[in-house]
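I am attaching a structure below and will ask some questions about it afterwards.
The values are calculated or read from the model by the stated rules, or taken from the named source; none is laboratory data. None of these values were measured; they are calculated from a predicted model. Note that we place each Cβ from the backbone using ideal geometry, even for glycine, and neighbour counts take in every protein chain shown. Ligands, DNA and RNA are excluded from the accessible area calculation, which covers all protein heavy atoms including side chains. Shrake-Rupley method; radii C 1.70, N 1.55, O 1.52, S 1.80 Å.
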Amino acid sequence: MPFNLQEIQRIVGAQPIAEEVYKHIRYICIDSRSAVNDQTLFIAIKGVRNNGHNYITDVYERGCRSFLITEKVDVSKYPGATFLLVEDSILALQQLATSNRKQFTYPIIGVTGSNGKTIVKEWLSFLLGDSFSVCKNPKSYNSQVGVPLSVWQLTDKHNLGIFEAGISQPGEMEKIRAIINPDIAILTNIGQAHDENFTGNEQKIYEKISLFQNAKKILYCNDHPIADNIIKNTIAPIVKRYTWSRRNNSTLLITKTEQTKSETIIEGLVNNERQRITIPFKDSASIENAITCWLTLIALEKNDELHRNKFLFLQSVEMRLELKQGINNCTIINDSYNSDLGSLSIAIDYLNQQHRNSKKTIILSDILQSGKQKEQLYKEVAHMLSNKGVQRIIGVGEEISSQADSFNNIEKVFFKNTQAFISGFRNLDFYNESILLKAARSFEFEKINSLLQNKSHDTQLVINLNNLISNVNHYRGLLNEGTKIMAMVKAQSYGSGSFEIASLLQYHRVNYLAVAYADEGVELRKAGISLPIMVMSPEKESFDSMLVYQLEPEIYSFNVLKQFAKAAAEFGSKEIKIHLKVDTGMHRLGFLPNEINAMLTELKSYPYLKVASVFSHLSASDNPQFDSFTQAQIDLFRTSCDKIEKELGYKFIKHICNSGAISRFKQAHFDMVRLGIGMYGMGVDEAEEKKLVPVCTLKTSISQIKTILPGETVSYNRSGAITKETKIAIIPIGYADGFNRKLSNGNGCVWIQDKPAKVIGSVCMDMCMVDVTDIDAFEGEEVIIFDDTNKIKEMAAAIGTISYEVLTSISTRVKKVYTQE
């Protein structure tokens, strides 16, 4: 239910800076890049690495007129806007969500634990969807900020809330408990997540079960004695405990689990009555999560055969958006595992981050279990699409089709079901557009996804964009305020795809990009990248295109300076930015210190050339053995910059630190640092790598399995001699994909079911063979080439190279899939 600004002022104890405080607020926004309107309250959060106050102008220009701030602003710049000043904007957000929670008396379920929170929440939403109108966290919004944003969505149209709560350190759950205030509290399990921030499991359990404080019912597995004892001794006896166990007296006693080829049958005793559920999974985590959901049905008195039968239709929870290359130069964003309004809004915001294609299309199924009348529901959807700039909707489902008239001023077409879409696919034009797939699972949009995406072989490089930004933010946290970041996106962003990574980095406001050659920069410009771009190896033949597309060359020699100056003069601009490189000891490209005076004399004859930055390259910043040499490079660079700045008479950006130097030579950050391999989780040492997260997973699948007898051989030139009966798997990755031939004959391995499988015989162009004798593998099973830093390093060591080469050697024919929560 909406609040007016006067109510919000009272709830958060704000000081108003405006004349009018009676506007009604329906939406809360903390990200300046999200769509806003005059019913949106923008909450400016000041964090360690970013400050929301810097983007108030952007949000105001897009229509927002209500702001909650912690720093005073010049309100005269924002006519018609209301500003509420508080001391702590995150606390204010939490207070608003708490006030919204207090308006509703229907049951609220809180889910916590080390693992399984999101899956239990999503599965419960599916299992209970026919009985309740459910409000839940979008995706895994379970943090100090994510939880209040989720609880803010509660309305009188719902009659059940399910919210997961995550913590990473002591003291956090108390704040989340006040927001969720669950009637029913679930503890999934206690694992090792965030162990470094707790003294032990006991402290972690006490912290998590503080969520239970006001709950009327609590649910957990009592097979874990520490957790069971703490709960028994902490929770008041009047609170009803529901437990499940495989061995102890409990509400739900699991008596048997039996696995078939693709399913697990779980049998249990409930009030001495034998009951069973069947789930389409075999892994232990899914079994435990399903049992937790079963226990919840018991607590809600929904443990009837109709609800238990729904377990067979549970589906894996994809918590990340997938971005893939599609047909006809389209970009496909697959988020088709649910379609509630909250996750729809988030997915469209992600759609709008994609600048390669100007046209935005959404293929949307019926939105199930929203708790709203369909007329009102699809009017809200139509308003959202219009407000967020989506140009075309393709609706799939009888309900959305019946509301076609709600979608005005937008290109539209509707189909009664997914099969009708498939039948009519040839009549639809998809060309140069970004396409969002958003659907409930029952609509089987994977069939539509298959039609739209580029066809390629099974080998994929999966790039986790959340992890990449987490790594960027790690390095950002090491910098002084105001120090800029230049992100290296050369060599296809270390094999990860230039445009997709550049677009993400632009969205997260890095300051500069660097490419190796001009054609890389031109492609980025054509794809909508507007950040300044430095070209590190400018060639005479590309000067004209650099000038047309406003790419800034690295000037490293007299010859390049004269040639580019001539091209720039013919182009006719008054000011063209360049970057001077000084050779301080790497002895690759750059002006030597004794050439600087002559270089400055030459440069002054070209007044239209403006030095944007001066930089140098450290040759051994990651090696402590050469720290004295590195420091000498830094000192020489500082002296050179002082000389250049004095002669030119104006300031410019100075930068010398690469990824390794950012953490090891903080005194040398100057005005900007250059971040490259560090973005991908490769730290300067083991201590730093523990603070980073892996970004890239190279994987494929098993094409065929066969048994080879002793005396036979495998691969070209009979290179793989078989001395005992051996089961081999053939996998579709070879040296043309970047899987080096030096990994042949047992020198390298892949990973199946977390077990190493050594390469047998020579690596072929398109495939290789691996030993799976001791692995119960099956055709079609996933094969991991690498998925963390250690595996990349091991592969690099096996072929006698460095991690950089492993990543940059991945062929462009390998399909790249980008995931983002």
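Considering Cα pairs under 8 angstrom that are at least six residues apart, work out the relative contact order of the chain and quote it in whole percent.
Relative contact order comes out at 8 percent.
Order the peptides 230-243, 605-618, 47-60 from the highest to the lowest mean number of other Cβ atoms within 10 Å of their residues.
Going from most to least packed, we get 605-618, 47-60, 230-243.
Computed over the Cα atoms of segment 514-606, what is the convex hull's projected area averaged over all directions, in nm²?
6.0 nm²
Using the eigenvalues of the Cα gyration tensor, what equivalent ellipsoid semi-axes result for segment 69-144 when each is taken as the square root of five times the eigenvalue, whole Å, largest first?
Semi-axis lengths for segment 69-144 are 35, 15, 12 Å.
How would His158, His655 rank on accessible area, largest to smallest, probe 1.4 Å?
His158, His655
Pop out the ³J(HN,Hα) list for segment 161-174 in order, Karplus 6.51 cos²θ - 1.76 cosθ + 1.60 with θ = phi - 60°, rounded to Hz; leave Gly and Pro as x.
Going residue by residue, I get x, 10, 10, 8, 10, x, 9, 10, 7, x, x, 7, 5, 4 Hz, with x marking Gly and Pro.
Classify segment 173-282 as rounded, prolate or oblate, taking a ≥ b ≥ c as the square roots of the eigenvalues of its Cα gyration tensor: rounded when a/c is under 1.5, otherwise prolate if a/b is larger than b/c and oblate if not.
The shape class here is prolate.
Could I ask something else about it? If you average the alpha carbon positions of segment 578-622 and of segment 672-721, how far apart do those two centres end up, in angstrom?
38 Å
Also, quick follow-up: Share of Cα-Cα pairs in segment 1-137 beyond 21 Å, in percent?
More than 21 Å apart: 49 percent of the Cα pairs in segment 1-137.
Take every Cα pair under 8 Å in segment 507-608 that's 6+ residues apart, average their separations, divide by the length, and report that relative contact order as a whole percent.
21 percent
Keeping all protein chains in the complex and leaving out DNA, RNA and ligands, what accessible area do you get for Glu686 with a 1.4 Å probe, in Å² to the nearest 10?
140 Å²
Using a Debye calculation, one point per C-alpha and no hydration shell, please list log10 I(q)/I(0) for segment 556-682 at q = 0.12 Å⁻¹ in order.
-0.48
By DSSP, what percent of the beta bridges with both residues in the chain are antiparallel, rounded to the nearest 5?
40 percent
For the full complex of protein chains and a 1.4 angstrom probe, list Glu481, Glu595, Glu647, Glu725 by accessible area with the highest value first.
Descending order: Glu481, Glu725, Glu647, Glu595.
Rank Ser450, Met486, Ser470 by how far each Cα sits towards the positive end of the charge dipole of segment 444-486 (+1 on Lys, Arg Cβ; -1 on Asp, Glu Cβ) and give me just the farthest.
Of the candidates, Met486 comes out farthest on the positive side.
Can you list the HN-Hα couplings for segment 414-422, worked out from phi with the Karplus curve (6.51, -1.76, 1.60; θ = phi - 60°), rounded to whole Hz and with x for Gly and Pro?
9, 10, 5, 7, 5, 5, 5, 4, 4
I've got another one for you. Would you mind pulling out the separation of the Cα centroids of segment 83-156 and segment 641-661, in Å?
49 Å
On the Cα set of the chain, report Rg and Dmax in Å, please.
29.3, 94
Could I ask something else about it? Quick check: at a probe of 1.4 Å, how many percent of the accessible area of the chain sits on carbon and sulfur atoms?
Using a 1.4 Å probe with all protein chains present, the chain comes out at 46 percent carbon and sulfur.
Take peptides 372-383, 464-475 and line them up by average Cβ neighbours within 10 Å, highest first, as a rough protection proxy.
Result, highest mean first: 464-475, 372-383.
Report the net charge of residues surrounding Asn249, where surrounding means a beta-carbon distance below 14 angstrom and charges are Lys +1, Arg +1, Asp -1, Glu -1.
With Lys, Arg at +1 and Asp, Glu at -1, the neighbours total +2.
Right, something else. Add -39500 (n - 2.57) for each DSSP H run of 4 or more in the chain, then divide by its residues: what number comes out at 222 nm, to the nearest 500 deg cm²/dmol?
-8500 deg cm²/dmol
Given charges of +1 on the Cβ of Lys and Arg and -1 on the Cβ of Asp and Glu, with all other atoms neutral, how large is the dipole of the chain about its Cα centre, in debye to the nearest 20?
So the dipole magnitude of the chain works out to roughly 600 debye.
Tabulate in residue order the Karplus-calculated ³J(HN,Hα) for segment 561-576, using 6.51 cos²θ - 1.76 cosθ + 1.60 with θ = phi - 60°, rounded to whole Hz; enter x for Gly and Pro.
Here the 3J(HN,Hα) series is 4, 5, 5, 6, 4, 5, 5, 5, 4, 5, 5, x, 6, 6, 9, 10 Hz.
How do 534-546, 212-224 rank on mean C-beta neighbours within 10 Å, highest first?
212-224, 534-546
Here's something else I'd like to know. Under the rule of at least 5 residues apart or a separate chain, name every residue whose amide H is placed under 5 Å from the amide H of Val772.
For Val772, the qualifying residues are Lys727, Ile728, Ala729.
Here is a follow-up. Taking a probe of 1.4 angstrom, what is the accessible area of Glu779 in Å², to the nearest 10?
100 Å²
Going Cα to Cα from Lys610, which lysines come in below 22 Å? Please leave out same-chain ones fewer than 8 positions away.
Lys484, Lys540, Lys562, Lys566, Lys574, Lys577, Lys581, Lys643, Lys646, Lys651, Lys654
Still on this structure: What whole-number distance in Å separates the alpha-carbon centres of segment 163-184 and segment 398-476?
34 Å
Which is farthest toward the positive dipole end of the chain among Ser140, Phe311, Ile410, measuring Cα position about the Cα centre, with Cβ charges +1 (Lys, Arg) and -1 (Asp, Glu)?
Ile410
Bins of 5 Å, beginning at zero and ending with the bin holding the largest distance: percent of Cα pairs per bin for segment 452-591, please.
2, 9, 17, 18, 18, 15, 11, 5, 4, 1, 0
Skipping prolines and chain starts, which residues have an amide H placed within reach, meaning under 5 Å, of the one on Ser811, given they are 5 or more residues away or on another chain?
Amide H neighbours of Ser811: Gly738.
Now for a separate question. Treat every Asp and Glu Cβ in segment 254-307 as -1 and every Lys and Arg Cβ as +1, leave all other atoms uncharged, and give the resulting dipole magnitude about the Cα centre to the nearest 20 debye.
140 debye
Still on this model: For the cross-link pairs Lys412/Lys447; Lys23/Lys117; Lys490/Lys793; Lys438/Lys526; Lys23/Lys77; Lys117/Lys324, which exceed 25 Å when the distance is taken from alpha carbon to alpha carbon?
Lys23/Lys117; Lys438/Lys526; Lys117/Lys324
Still on this structure: In Å², what does the accessible area per residue of the chain work out to with a 1.4 Å probe?
Spelled out: the 1.4 Å probe surface of the chain, per residue, equals 43 Å².
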